[in-house]
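Structure record follows, encoded as structure tokens.
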Amino acid sequence: MSSIESVSHETRVFEPSADWQRSAAIGGMDAYNALCKEAETDFEGFWARLAKENLQFAKDYDKVLDESNPPFYKWFTGGELNVSANCLDKNIAAGLGDKVALIFEADGGEVTKVTYSELLSKVSKIANGLKGLGVKKGDRVVIYMPMSVEGVAAMQACARIGATHSVVFGGFSAKALQDRIQDTGAVAVFTADQQVRGGKQLPLKSIVDEALSLGGCEAVKNVIVYKRTGADVAMQAGRDVYMHALADKQSDVCAPEMVDSEHPLFILYTSGSTGKPKGVQHSSAGYLLWAMLTMKWTFDIKPNDVFWCTADIGWITGHTYITYGPLAVGATQIVFEGVPTYPNAGRFWEMIQRHSATIFYTAPTAIRSLIKACESDQKVHPTSYDLSSLRLMGSVGEPINPEAWMWYHKNVGGEKCPIVDTFWQTETGGHMITPLPGATPLVPGSCTLPLPGIMAAVVDEVGGDLPNGQGGILVVKRPWPSMIRTIWGDADRFKKSYFPEELGGNLYLAGDGAVRDKVSGNFTIMGRIDDVLNVSGHRMGTMEIESSLVANELVAEAAVVGRPDDLTGEAIVAFVVLKGDRPTGEAGQKLAMDLRNWVGKDIGPIAKPKEIRFGDNLPKTRSGKIMRRLLRSLAKGETITQDTSTLENPAILDQLGKPI
Ligand code: WTA
């Protein structure tokens, strides 16, 4: 694709140490290459071997991969298993009952440790409670909870009874929550009285009440409320029940409900380039297999590791690398509530020190904000803490710029910890392209090579292979076990969004641009090629924000674009045309603020535009199409050098070029 140009000229390479090559699960490039070869020569045999080594089926599967109805691929068909049993019962049977599963640290610093046996007991009680409320296999349950042992347990409890969960991030608004409750047809909602972030108590239960009052959520029979702060919240008789009141009286034995390999374990909503957020549906067996394999391959998880993924359970990273992956491999992990900057910007480093974390997995946006914070305050600099327990670090969610990578490597990892820059998506279920510690030479800013069995490639607009060195569209050529199965309730949209006809209909379209290095073949991700923004590692569809703005009675039209931002990666800039006159000066400032809050209330604070500009019109082609590339330049403050001959109203560029 000629429009994508690679800008990376990174030449620094970090070879794996001899120690790492010796000790890693996949040590050395030879071992990596052998696995890739195995996958290429006997694709199904490769996955069958790995499934046999990792999954516990109650009933064996008949077929590894059913490709009879592409792109609706099915894995391990005919098999039956339970994901929660594969995470808890299996490990307890193997002697890990007294091993700590979760080290939970609350916003205020209180620490709770939970062993595998204790977690199973907790999960079973909640599962029995759900059954008592009439929740059955196949029902959907929405989880709108803070980071907590209870949040993880609620997810596992759903898995235990075969209910499909859909976790909604606690920062989303009542409207966004209602959309998801309605779309899933959930029968129950888990929430908490409040959540605590950075010392502040924020509402949750009252937002659920508001969401349910918006209508369309009639299937919800119960709201289960975890008492986080003990705040007084309204409880509706017959509908609302406290989690402890429901669970405490239950038996701590709950036989796991066996489900089909393809049974939807969860639905997780994510933003796309068009329309409403998509309910990404994941399977049971294939998803769990990849969660386990990536824990072993990418994170080289070992029995004595203390693993810490800083994500929230509201995102895919929290699903795969908190609730399922670490538990399925019997690891000890840290779960934290709060923000990286409270009580101060040393929170991460202090927690690594306190709990002797060995593997640390976080997002570039957090790293960037902590770099900034410690510039002016040596006390919160990572080198002011004992981080010697660390042996491996990871990055996820957005491209990590090479300088942030170098800082992370030097100051957090003490130049001895490999960094795995993991490229993946809500839709892929787990890592896709990432270095393997002990094998892959690291290059700052590059996610390097696809995992064994992942047939990633860079192609042109019609799906033709591009040579290394030429930027293009990132695709995956063969199915993999943890791939998205469908968009909940919209199979057609699934097919069109991810296997578009333009590319031939059989390539998985990630939505990102990428380029491969001419020599090493390493992949570098060049960002989204669709109208999806990545703000602080969170995906936001420009359409979603535009729809929200236009829903305001004062707004006639809106166009939203991204602009590079030092801290958040991308920042949201909205160009707005009002029904009435274009406001300027103080009136403009005030209205911009109101509209920002409007979007915050409608979708959630993460969707608030950083800047709003008002115009009498938007730059459009003669056929009426908004010229977004021009808006992107204007948002960046660039002078327009592009061809504007197709523009109907060139004068508008001056007006939109300046901040209010
Ligand atoms: C981006 C998060 C560069 C990418 C797991 C992708 C990345 C989107 C990386 C998915 C990375 C994620 N390097 N870009 N290591 N990881 N992305 O669904 O644009 O929230 O398509 O999943 O984040 O975001 P999602």
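In the chain, taking the dipole from charged Cβ atoms about the Cα centre, the farthest positive-side position among Ile26, Gly541, Gln201 is held by Gln201. Residues whose amide H comes within less than 5 Å of that of Met526, counting only those at least five positions distant or on another chain, are Gly513, Ala514, Val515 (H built at 1.01 Å from N in the peptide plane). Estimated at the nearest 10 Å², the accessible area of Leu120 is 30 Å² with a 1.4 Å probe. Surface composition of the chain: carbon plus sulfur atoms hold 51% of the accessible area, using a 1.4 angstrom probe and ignoring ligands, DNA and RNA. Each helix, a run of at least 4 DSSP H residues, gives -39500 (n - 2.57); summed and divided by the residues of the chain, these come to -8000 deg cm²/dmol at 222 nm. Residues in the range 565-578 carry Karplus couplings, in order, of 9, 4, 9, 9, x, 10, 10, 8, 10, 10, 9, 10, 10, 8 Hz; the curve used is 6.51 cos²θ - 1.76 cosθ + 1.60 with θ = phi - 60°, and Gly or Pro positions show x.
Which log10 I(q)/I(0) values does the chain give at q = 0.07, 0.08, 0.09 Å⁻¹ under the Debye formula, counting every alpha carbon as one identical point scatterer? Ignoring solvent entirely, the Cα scatterers give -0.44, -0.59, -0.76.
Per-residue Karplus couplings for the range 47-54, computed as 6.51 cos²θ - 1.76 cosθ + 1.60 with θ equal to phi - 60°, are listed in order as 5, 5, 4, 5, 5, 4, 6, 10 Hz, Gly and Pro entered as x.
Pairs of Cα atoms nearer than 8 Å and 6+ residues apart set the relative contact order; for the range 72-130 it is 27 percent. Using the alpha carbons alone, the radius of gyration of the range 369-441 stands to its Kirkwood radius in an Rg to Rh ratio of 1.01. The figure for Met627 is an accessible area of roughly 20 square angstrom, using a 1.4 Å probe on the protein chains alone. Dimensions of the range 292-411 along the principal axes, based on C-alpha atoms and rounded to the nearest Å, stand at 41, 27, 25, largest first.
For a modelled paramagnetic label at Ser623, 7 Å from Cα along Cα-to-Cβ, the residues of the range 633-660 in reach, with backbone nitrogen under 18 Å, are 643-649. The residues of the chain expose on average 38 square angstrom of accessible surface per residue, using a 1.4 Å probe on protein heavy atoms. Taking the DSSP beta bridges with both ends in the chain, the antiparallel portion is around 60 percent.
A cut-off of 5 Å between modelled amide H atoms, ignoring neighbours fewer than 5 places along the same chain, links Thr229 with Asp193, Gln194. The charge dipole of the range 53-152, taken about its Cα centre with unit charges on the Cβ atoms of Lys, Arg (+1), Asp and Glu (-1) only, comes to about 360 debye.
Each part reduced to its alpha carbon centroid, the range 509-532 and the range 153-220 end up 35 Å apart.
Computed over the range 512-660, the alpha-carbon pair-distance distribution with 5 angstrom bins reads 2, 9, 18, 21, 19, 14, 8, 4, 2, 1, 1, 0, each value a whole percent. Given their separation in residues at 0.36 nm each and the Cα-Cα distance between them, Ala234 and Ser388 gain 50.7 nm when the chain is fully extended. Give me the base-10 log of I(q)/I(0) for the range 190-249 at each q in 0.15 Å⁻¹, Debye formula, one uniform scatterer per Cα, rounded to two decimals. At q = 0.15 Å⁻¹ the computed log10 ratios are -0.45. When the pairs Lys52/Lys122; Lys175/Lys276; Lys59/Lys137 are compared against a 20 Å limit on Cα-Cα distance, Lys52/Lys122 fall above it. Across the chain, the mean sequence separation of Cα contacts (distance under 8 Å, 6 or more residues apart), normalised by length, yields a relative contact order of 14 percent.
Normalised by the number of residues in the range 179-246, the average gap of Cα pairs under 8 Å and 6 or more apart makes the relative contact order 36 percent. Computed over the range 167-216, the Cα gyration tensor eigenvalues convert (square root of 5λ each) into semi-axes of 20, 10, 9 Å, ordered from largest to smallest. Across all directions, the average projected area of the convex hull around the alpha carbons of the range 511-572 is 5.2 nm². Can you pull the accessible area of Glu461 for me, 1.4 Å probe, Å² to the nearest 10? Surface open to solvent at Glu461 totals about 100 Å². Between amide H atoms placed 1.01 Å from N, distances below 5 Å from Leu102 occur with Val114, Gln333, all of them 5 or more places distant or on a separate chain.
With no solvent and one point per C-alpha, what does the Debye sum give as log10 I(q)/I(0) for the range 399-510 at q = 0.24 Å⁻¹? Results for the range 399-510 at q = 0.24 Å⁻¹ read -1.33. A Cβ-based charge dipole, computed about the Cα centre of the chain with Lys and Arg at +1 and Asp and Glu at -1, lands at about 720 debye. What shape does the range 62-203 take by its C-alpha gyration tensor, where a ≥ b ≥ c are the square roots of the eigenvalues and a/c under 1.5 counts as rounded, a/b above b/c as prolate, and the rest as oblate? Oblate is the answer for the range 62-203, as a/c is 1.5 or above yet b/c matches or exceeds a/b.
Near His319, once Lys and Arg are set to +1 and Asp and Glu to -1 for all other residues with Cβ below 14 Å from its Cβ, the sum equals -2. The largest-to-smallest principal axis extents of the Cα set in the range 201-353 are 48, 46, 45 Å.
Once the Cα-Cα distance is subtracted from the 0.36 nm per residue extended length, the Met593 to Lys113 segment shows a gain of 168.5 nm. Centroid-to-centroid, using Cα positions, the range 571-592 and the range 115-142 are 49 Å apart.
Here the range 642-660 and the range 293-317 have alpha carbon centers that stand 48 Å from each other.
Residue-normalised convex hull volume from the C-alpha trace of the range 610-660: 75 Å³ per residue. Measuring nothing but alpha carbons in the range 330-475 and taking Rh as the Kirkwood radius, the Rg to Rh ratio lands at 1.02. Stretching Leu567 away from Glu611 to a fully extended chain increases their span by 14.3 nm, per 0.36 nm per residue minus the current alpha-carbon distance.
The reciprocal of the average 1/r between distinct C-alpha atoms defines the Kirkwood hydrodynamic radius, which for the range 114-263 equals 15.3 Å.
The values are calculated or read from the model by the stated rules, or taken from the named source; none is laboratory data. Predicted model only: the values in this text are computed from it and were never measured. Reconstructed Cβ throughout: ideal geometry from the backbone, glycine too, with neighbour counts over all protein chains shown. All accessible areas refer to the heavy atoms of the entire protein, side chains included, with ligands and DNA or RNA removed. Shrake-Rupley method; radii C 1.70, N 1.55, O 1.52, S 1.80 Å.
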